[in-house]
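All remarks here apply to the structure that follows.
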Amino acid sequence: MKKVGPVVALAAVVALILAGGVPAKQKFYGTVELMPAGGLVGEWVISGRTVQVVPDTTVKEKHGPLKVGAHVEVEGLEYEGKFIATEIETKKRM
């Protein structure tokens with residue numbers, strides 16, 4: 001398991017709570033279509049959905065490397081119209 005680093009996701013959650021909203025955790029499965037060129041942190045596209053990977057995102061490569069074409073499970077929070085990933089894990093294709 002890799003941790004890409006801390007702070008941004010926590011700041012987003014704190015801001016949401018202070019604004020009176022409680023973020024609902026979401027999960028979906030999809031295929032990685034686009035990743036940032038310089039590493040894991042940044043904007044990804046997974047089955048047509050834009051996902052923000054932040055330094056706090058937990059990355060698990062249990063069933064192969066994270067790369068374009070990989071099948072993944074994504075958990076995260078919707079914040080200001082953006083999906084912020086808290087965890088991405090590779091999965092076996094069914």
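Of the numbered criteria (1) within 16 Å of GLU89 (Cβ to Cβ); (2) out of contact with any helix residue (DSSP H, G or I) (no Cβ under 8 Å at 6 or more places or on another chain); (3) of a type in the set (Asp, Glu), the one GLU33 fails is (1). Filter the stretch 36-47 down to residues that are of a type outside the set (A, V, I, L, M) and in contact with a Pro (Cβ under 9 Å, 6 or more places away or on another chain) and give me whichever is nearest to ARG93 (Cα to Cα). Among those that are of a type outside the set (A, V, I, L, M) and in contact with a Pro (Cβ under 9 Å, 6 or more places away or on another chain), it is TRP44.
Checked against (1) under 13 Å from the mean Cα position of the chain (by Cα); (2) in a strand (DSSP E or B), GLU33 passes all but a single condition, namely (1). Within the option set LEU16, LEU66, being outside any strand (DSSP E or B) and at pLDDT 80 or above holds for one residue only, LEU66.
Candidates in the stretch 51-91 are the residues that are farther than 18 Å from LYS25 by Cβ and of a type in the set (Val, Ile, Thr); of these, the one that is surrounded by the most Cβ atoms within 10 Å (Cβ to Cβ) is THR90.
The values are calculated or read from the model by the stated rules, or taken from the named source; none is laboratory data. Being a predicted model, the structure only gives us computed values, none of them experimental. Glycine gets a Cβ as well: all are built from the backbone with ideal geometry, and neighbour counts include every protein chain shown.
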